[in-house]
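First the structure, in the form of structure tokens, and then the observations on it.
What follows draws every value from the coordinates through simple rules; no lab data is involved. None of these values were measured; they are calculated from a predicted model. Here the Cβ positions follow ideal geometry from the backbone for every residue, glycine too, while neighbour counts run over all protein chains shown.
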Amino acid sequence: MANLFDPNNAPEGEPLEVVVGDFIQWKRSDLSKDYPNNTYTMTYVYHLADGSGPEPHVTGTALGDDYLFTVTSAQSSQVAAGKYKWQLEVIRNSDSNRVVIDRGEVDFIGDIDASGADIRSHAEIMVSKIQSILEGKADSDVSNYSIAGRSLTKMTFEELISARDVYRREIQQEKVKARIKRGKPSGSTVKVRFS
């Protein structure tokens with residue numbers, strides 16, 4: 001494995017996943033032909049997918065003809081865990097005009113080392129919440145009620161079971177993806193029948 005602190009070893013392209021508090025860097029070498037780094041500035045703008053939170057920015061620096069993007073540990077520790085949307089903006093230095101040339105997503109995941117960090121995926125959190133509702137449903141099973149002219153309808157037992165099962169399947173898919181990412185077999189069984 002190459003030294004990940006060395007800018008010459010920066011991977012090509014944006015990360016798909018970042019651990020909050022990690023130092024990270026990447027480069028874009030595919031942009032220098034159309035946007036030389038002595039004439040243009042490249043900046044990634046991030047926003048939580050749910051629309052909340054701060055909007056971190058990462059501005060590229062020159063690495064030869066390439067653009068190098070660096071996020072320090074101190075900077076990434078200020079980012080809340082969650083799924084972020086990003087866009088890559090090119091600014092022409094001569095007049096500050098801007099063009100968005102790329103978009104994508106990245107997951108900032110909780111640091112296991114941080115106290116109080118919830119490192120569960122969204123699906124794992126939802127299964128836990130739905131399970132606690134199912135366990136408490138026997139004690140207070142009222143499907144809908146009205147107070148002062150406002151109505152509230154709860155999910156039925158069957159709807160909760162269905163939602164829990166959807167999230168359980170999502171957890172299984174996350175596990176398969178993680179195994180494949182680590183170079184392991186998916187763990188899925190393929191049955192073959194010969195006639």
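Values as computed for the structure displayed
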quantity: At R0 = 30 Å, FRET efficiency that the Cβ-Cβ distance of residue 129 and residue 194 yields, to 0.05; calculated: 0.10
quantity: Computed label-point distance, nm, for sites residue 175 and residue 52 using a 7 Å Cα→Cβ extension; calculated: 3.0 nm
quantity: CD proxy at 222 nm, helix term only [per DSSP H run n ≥ 4: -39500 (n - 2.57); per residue of the chain; nearest 500]; calculated: -7500 deg cm²/dmol
quantity: Inter-label distance, nm, simple model (7 Å from Cα along the C-beta direction), residue 94/residue 158; calculated: 6.7 nm
quantity: Packing rank of 58-67, 127-136, where each peptide gets the mean count of other beta carbons within 10 Å, highest leading; calculated: 58-67, 127-136
quantity: Listed residues 107, 165, 22, most fluctuating in the chain (Gaussian network, C-alpha, under 10 Å); calculated: 165
quantity: Answer label for P(r) over Cα pairs in 10 Å bins from 0, in percent (calculated), chosen among (1) 9, 36, 38, 12, 3, 1, 0; (2) 7, 23, 26, 20, 14, 8, 2, 0; (3) 9, 33, 34, 21, 4, 0; calculated: (2)
quantity: Packing-based exposure ordering (other Cβ within 10 Å, fewest first) of 175, 27; calculated: 175, 27
